[in-house]
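Enquirer: Take this structure, written in structure tokens, and hold onto it; I'll ask about it next.
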Amino acid sequence: MLRRSILSALFSLVAFSTLPAEAQVGGHWRVYARTTHAGALCVPQVGDEWWYDFSLLQAGNFVSGSAWRADTGVYFGPVSGSVVGNALNLTIVETLVGQSTTHSFALTLDASNEIFTGTDNWVWTNGLLTCNGRDTVTGARAERRFCSADTPSACPCGNHQPAGSVGGCLNSTGNGAVLHESGWPSISWGSYDLSVTGARPNQPCLLLRGSSKIAIPFKDGQLCMGSPTIRLQVGMTDAIGGASFPGVWPAPLVPFTTAHHQVWYRDPGPGSPCGQGSNFTDALSVMWLP
């Protein structure tokens, strides 16, 4: 009897240890949906496009939060749901005057934990009439930051940042320059801008784009993307080391493709930590949505 109990406990432990760990979905997500199927009363909606902002909180496998229409700023509804492994299920009840729509999102996260795809099966009613439909859904995290120089191996001459910091390798001001994003990367209606803080003041800088992630110590910093690397915009940092790059992006932009961005800036003179005269911000990835 004792042996059977021990074996049962061991089997339970093995089974528990093989359960998938929950993906971490907390944060801000940009979400695009397109109606691909609708019932008789909703036929005119087929082909319609929707852009949402999801703000998610996670406690264990429970998910909550809020959603807005990104293109109009109108509140969409409260979010509730769960995540098990890489499967994310969310419910949002959208309430308008005299009608409501219950949205059931069934989503799958990719291996990077930064992009999800799936469907939204929805049911609309005005109390007398009801119809249902389905949207295809793609979402990506906002502020998809990578290549922060917070490990000793990241920077060419020990000019790394403390663990857990964001930004590039330390420059002559004692800062690591940080790349920021604002707006919404929609090809059809959004405005997506990038900016820099913490760079060397009053110096030229260059916004770069790459199609793959790398991490190579270069000059006083770290080159974070390539294959190939494209020069997008030239700028000049201001008196406090900031610069802005408005959303003028070379065509064609292809929906659901990901691009990586980084800024290279001059850091001349004897204060340059490694003596190479230039440095880099950290990097950001963006998925272009329709």
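The values are calculated or read from the model by the stated rules, or taken from the named source; none is laboratory data. Model, not experiment: these values are computed from the prediction. Virtual Cβ from ideal backbone geometry, glycine too; neighbours counted across all protein chains shown.
Enquirer: As an exercise: evaluate S165 against (1) assigned to a strand (DSSP E or B); (2) surrounded by 14 or more Cβ atoms within 10 Å (Cβ to Cβ) and give the number of the one condition it does not meet.
Expert: (1)
Enquirer: Evaluate the range 238-259: report whether one residue or more is over 21 Å from R144 (Cα atoms), surrounded by 12 or more Cβ atoms within 10 Å (Cβ to Cβ) and touching a residue at least 12 places away in the same chain (Cβ under 8 Å).
Expert: yes
Enquirer: Sticking with this structure for a sec: Pick from P217, P255, P273, P250: which is under 28 Å from P162 (Cα atoms), outside the structural domain of H28 (by TED's automatic domain parsing) and in a loop (DSSP other than H, G, I, E, B)?
Expert: Numbers: P217 fails: in a loop (DSSP other than H, G, I, E, B); P255 fails: under 28 Å from P162 (Cα atoms); P250 fails: under 28 Å from P162 (Cα atoms).
Exactly one of P217, P255, P273, P250 is under 28 Å from P162 (Cα atoms), outside the structural domain of H28 (by TED's automatic domain parsing) and in a loop (DSSP other than H, G, I, E, B), namely P273.
Enquirer: Would you point out which residue out of F62, F54 is buried (at least 17 other Cβ atoms within 10 Å of the Cβ), among the aromatic types (F, W, Y) and over 18 Å from N132 (Cα atoms)?
Expert: Step by step, each of F62, F54 is checked, and only F54 is buried (at least 17 other Cβ atoms within 10 Å of the Cβ), among the aromatic types (F, W, Y) and over 18 Å from N132 (Cα atoms).
Enquirer: Inspect all residues belonging to the range 140-158 and state whether any of them is surrounded by fewer than 21 Cβ atoms within 10 Å (Cβ to Cβ) and touching a helix residue (DSSP H, G or I) at 6+ places or on another chain (Cβ under 6 Å).
Expert: No, the range 140-158 has no match at all.
Enquirer: Which of the residues spanning the range 101-150 are over 18 Å from D48 (Cβ atoms), in contact with an Asp or Glu (Cβ under 8 Å, 6 or more places away or on another chain) and either among the acidic types (D, E) or not in a strand (DSSP E or B) (or both)?
Expert: Passing the criteria: A142, E143, C147, S148, A149.
Enquirer: Which of (1) of a type outside the set (V, I, T); (2) in a loop (DSSP other than H, G, I, E, B); (3) modelled with pLDDT of 95 or more does C224 not meet, given it meets every other one?
Expert: For C224, the failing item is (2).
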